[in-house]
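Here is the structure we will look at, set down as structure tokens.
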Amino acid sequence: MNSKYKVTKFTKDKLENKEDLISIEEPLEISLKFKDKEKWIIKSLSITMRTPGHDNDLVRGFLFNEQIIQNLKDIENIESFGDKVGQYNIQNKILVTLNNSQNVNISKMKRDFLTNSSCGVCGKSSLDALEIIKKDKTPKSNPKITKEIIINSPLTLRENQSEFTKTGGIHASGLFSSDGRLISLREDVGRHNALDKMIGDSLINNYLKPNDQFITCSGRLNFELVQKVLMTNIGLMVGVGAPTSLAIDLANRFDMTLIGFVKEDSFNIYTNNQKVIIS
């Protein structure tokens, strides 16, 4: 989703007034409705800055990646509500009704999630806390991906980004098969939102096959992005930019292959190079 804005562009030693397409950023408030001891409770869970569109995928992915739900069957209904607001006349509130409170991790609702489009859930940076959520490591030797497919994946991602082509100001995450086929792609101004949306889409459509897939993201790779991919049990992650130190430590702890700085003829493997086919 984008909108036209007036800009002053400097080029060839002169200023020019023109219109430019800008990616829209709007808040989304996510609330949960669930039963606790036979009493219905509605709790505001998160406010995230996102690009409007595929909001249901964003919610599914977020709840699964944070392990508030274990399975999409725990979701009974997702609905937008409230007045249409702002200059874009859109609803910025969404209510998720959960149908089985026994499978819902209510303890995870006791803290507030405040997310933004650049850092995701700020302040959540504990490796030990993650290990409480995820017990098993990713497969140590699968998937097997050739160097050519790794190098081509960011280009394939870019070629299929409809919003980036228009605005140049949006991130993307893509699910790829081991032979390089793009299975699912989602875009958002926030890297973590793009990944949540893509995982949400993959969950609802039963796309995930961890032993034969990998995920490529635009931009740098931080702790939270690695955490979200780990929840899918996919063991190879590619980023156009650099990873952070905590992202490397986390990937290494769970046998994930973490690849960054992908260029036309090179890339860096930061952890577990057994899954990369060079020859």
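The values are calculated or read from the model by the stated rules, or taken from the named source; none is laboratory data. Quick caveat, the model's predicted, so the values are computed rather than measured. Reconstructed Cβ throughout: ideal geometry from the backbone, glycine too, with neighbour counts over all protein chains shown.
May I ask you to list the residues in the stretch 157-204 that are out of contact with any Ser or Thr (no Cβ under 8 Å at 6 or more places or on another chain), of a type outside the set (Gly, Ala, Ser) and within 21 Å of Gly235 (Cα to Cα)?
Listed by number, the residues that qualify are Asp179, Arg181, Asp196, Leu203, Ile204.
Would you check if there is a residue in the stretch 12-29 being among the small types (Gly, Ala, Ser), in contact with a Leu (Cβ under 6 Å, 6 or more places away or on another chain) and either in contact (Cβ under 8 Å) with a residue 12 or more places away in the chain or within 28 Å of Leu185 (Cβ to Cβ) (or both)?
no
Inside the stretch 153-256, counting only strands (runs of 3 or more DSSP E) that do not spill past its ends, which hold 3 or more residues that are acidic (Asp, Glu) and in contact (Cβ under 8 Å) with a residue 12 or more places away in the chain?
Qualifying strands (runs of 3 or more DSSP E): none found.
Taking His192 and the conditions (1) crowded, with 24+ Cβ neighbours inside 10 Å; (2) more than 16 Å from the chain's Cα centre (by Cα), which numbered condition does it fall short on, given that it satisfies the others?
That leaves (2) as the condition not met.
Quick one: how many residues across the stretch 133-156 are touching an Asp or Glu at 6+ places or on another chain (Cβ under 6 Å) and exposed (fewer than 15 other Cβ atoms within 10 Å of the Cβ)?
2
I need the full set of residues from the stretch 199-228 which are in contact with a strand residue (DSSP E or B) (Cβ under 9 Å, 6 or more places away or on another chain) and either closer than 22 Å to Glu148 by Cβ or not assigned by TED's automatic domain parsing to the domain that holds Thr271 (or both), in order please.
Lys209, Asp212, Gln213, Phe214, Ile215, Thr216, Cys217, Ser218, Leu221
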